[in-house]
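Colleague: Just dropping this structure here.
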Amino acid sequence: MILRSARRRGLLLFALTAALTATVLAAEPAATAVDSVTIVVSDLDRSIDFFRGVLTFEKVREYEVAGETYERLEGVFPLRLRGARMRLGSEEIDLVQYLAPEGQAIPADARSNDRAFQHIAIIASDMGRAYAQLREHHVRHASSGPQRLPDWNRNAGGIEAFYFKDPDGHALEVLAFPAGKGDPRWQDKSRLFLGIDHTAIVVLDTEASLRFYRDVLGLRVAGQSENFGAEQEHLNAVFGARLRITALRAAKGPGIELLEYLSPGDGKPRPAGLHANDLASWQTHIAFQDLEMTERMLRSSRAPFLSPGVVHLAGPDLGFSVGFLVADPDGHELALVR
């Protein structure tokens, strides 16, 4: 009888613990989508022409916003912003020009291993044709040329990649997957440029970033690799480059890649005075159903807030009606939206 009672108490304790655990897990915020990426530009019309004419993006809409709610959201005063939503395949980006106040240009000495670095990876169905198109439009190289990652790299072998720059000097990547790697839709041969696979950010410490993106925001780890060698050096234009790469994904949208430079260790930290209107300041938009709970979780984790809290906008011009800005452990800006 005593043993049966003890067993019943043990089962009851287990059930209560399991129920409590399920309740806690259900209460944690989980990103529903990586919605879009915002790139700050100095001349919106020029950038629209570049992304549409060279990379075959479609312009979805243009907008212009100003006023107190947008100033609170962005932490910029006095704000007037003109933007364009652009689409390639299923993915979208925003090109935004701050008419007031104008931000600073990208530093001339910026490198791929600096922690302010961010890019988007645009998928091409044929690297040779993509590179020829970029050369035809006289784009500036960031890599020495397209690089084919070596076959010994099980996760990345056979992928072709090339870094180049837009008219403002933002780093962009064109990427081509061999058969059997990447999303199956990247094997479509009917178009040259297909969509955006991910945005990549340089981080100091992968584990610290995972505690933020995985454990707090609820993104899942989708893949990992360690890349090095001559091809990686020429791709990043960083001698001795050895990277730990971790791919994160939500249920929908492009991924977020964490790039940790194991060597060299001379990448500069993100400048402390970088603001949302500066050209080196990107924003990754991540969608949540329960934005208020997400805000509470982030405050508990002591994440730096760039907005005072959840901001309700006058309309969905920016692609969302409710949101706020926070910084990740390396200072990369995130717009958490609903």
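Colleague: What are the residues in the stretch 162-178 that are crowded, with 21+ Cβ neighbours inside 10 Å and among the small types (Gly, Ala, Ser), if any?
Modeller: ALA171, ALA176
Colleague: When only residues in the stretch 122-141 that are among the aliphatic types (A, V, I, L, M) and closer than 12 Å to LEU55 by Cβ count, which is nearest to the chain's Cα centre (by Cα)?
Modeller: Step one: filter the stretch 122-141 for residues among the aliphatic types (A, V, I, L, M), giving 122-124, 127, 130, 132, 134, 139.
Those still in the list that are closer than 12 Å to LEU55 by Cβ too: 122-124, 130, 134, 139.
Details: ILE122: 13, ILE123: 15, ALA124: 19, ALA130: 22, LEU134: 23, VAL139: 23 Å.
Applying the filter and picking the extreme gives ILE122.
Here's the yes/no breakdown for (1) among the polar types (S, T, N, Q); (2) surrounded by fewer than 16 Cβ atoms within 10 Å (Cβ to Cβ); (3) farther than 18 Å from ASP317 by Cα; (4) at pLDDT below 95:
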position	(1), (2), (3), (4)
ALA19	no, yes, yes, yes
LEU25	no, yes, yes, yes
VAL41	no, no, no, no
LYS59	no, yes, no, no
GLY67	no, yes, no, no
ALA105	no, yes, yes, no
SER112	yes, no, yes, no
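Colleague: ALA276 fails exactly one of the following numbered conditions: (1) within 19 Å of ALA121 (Cα to Cα); (2) surrounded by 21 or more Cβ atoms within 10 Å (Cβ to Cβ); (3) in contact (Cβ under 8 Å) with a residue 60 or more places away in the chain. What is the number of that condition?
Modeller: Checking ALA276 against (1) within 19 Å of ALA121 (Cα to Cα); (2) surrounded by 21 or more Cβ atoms within 10 Å (Cβ to Cβ); (3) in contact (Cβ under 8 Å) with a residue 60 or more places away in the chain, the one that fails is (1).
Colleague: A further question follows. Answer with yes or no whether ASP197 is crowded, with 21+ Cβ neighbours inside 10 Å and not hydroxyl-bearing (Ser, Thr, Tyr).
Modeller: On the way: crowded, with 21+ Cβ neighbours inside 10 Å: yes; not hydroxyl-bearing (Ser, Thr, Tyr): yes.
Yes.
Colleague: Anything in the stretch 310-319 that is modelled with pLDDT of 95 or more and touching a strand residue (DSSP E or B) at 6+ places or on another chain (Cβ under 6 Å)? List them, or say none.
Modeller: VAL310, VAL311, HIS312
Colleague: Can you tell me which residue among ARG46, ARG80, ARG72, ARG85 is modelled with pLDDT of 95 or more, on the phi < 0 side of the Ramachandran plot, under 18 Å from the mean Cα position of the chain (by Cα) and not hydrophobic (A, V, I, L, M, F, W, C)?
Modeller: Values: ARG46 fails: under 18 Å from the mean Cα position of the chain (by Cα); ARG80 fails: under 18 Å from the mean Cα position of the chain (by Cα); ARG72 fails: under 18 Å from the mean Cα position of the chain (by Cα).
Going through ARG46, ARG80, ARG72, ARG85 in turn, just one is modelled with pLDDT of 95 or more, on the phi < 0 side of the Ramachandran plot, under 18 Å from the mean Cα position of the chain (by Cα) and not hydrophobic (A, V, I, L, M, F, W, C): ARG85.
Colleague: Determine whether the stretch 280-300 contains at least one residue that is assigned to a loop (DSSP other than H, G, I, E, B), at pLDDT below 95 and closer than 18 Å to VAL65 by Cβ.
Modeller: no
Colleague: Follow-up question, since we're still on this one. Identify, please: which residue in the stretch 136-147 is without any contact (Cβ under 8 Å) to a residue 60 or more places away in the chain and not in a loop (DSSP other than H, G, I, E, B) and is, among those, farthest from SER36 (Cα to Cα)? Explain how you work it out, then say what you get.
Modeller: So the first thing to find is which residues in the stretch 136-147 are without any contact (Cβ under 8 Å) to a residue 60 or more places away in the chain, and the list is 136, 138, 140-141, 146.
Next, only the ones that are not in a loop (DSSP other than H, G, I, E, B) stay: 136, 140-141.
Values: GLU136: 28, ARG140: 25, HIS141: 25 Å.
Applying the filter and picking the extreme gives GLU136.
Colleague: So ALA142 ticks every box in (1) loosely packed, with under 13 Cβ neighbours inside 10 Å; (2) of a type outside the set (Ser, Thr, Tyr); (3) touching a strand residue (DSSP E or B) at 6+ places or on another chain (Cβ under 6 Å) but one. Which box is left unticked?
Modeller: Of everything listed in (1) loosely packed, with under 13 Cβ neighbours inside 10 Å; (2) of a type outside the set (Ser, Thr, Tyr); (3) touching a strand residue (DSSP E or B) at 6+ places or on another chain (Cβ under 6 Å), ALA142 misses just condition (1).
Here is a yes/no grid of residues against (1) free of Cβ contacts under 8 Å to residues at least 60 places away in the same chain; (2) among the charged types (D, E, K, R):
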position	(1), (2)
LEU134	no, no
LEU149	no, no
GLU160	yes, yes
ASP168	no, yes
LEU175	yes, no
ASP183	yes, yes
GLY195	no, no
VAL202	no, no
PHE212	no, no
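The values are calculated or read from the model by the stated rules, or taken from the named source; none is laboratory data. Computed from a prediction, not measured in an experiment: that's the story for all the values here. FYI the Cβ positions are ideal-geometry reconstructions off the backbone, even for glycines, and counts take in every protein chain you see.
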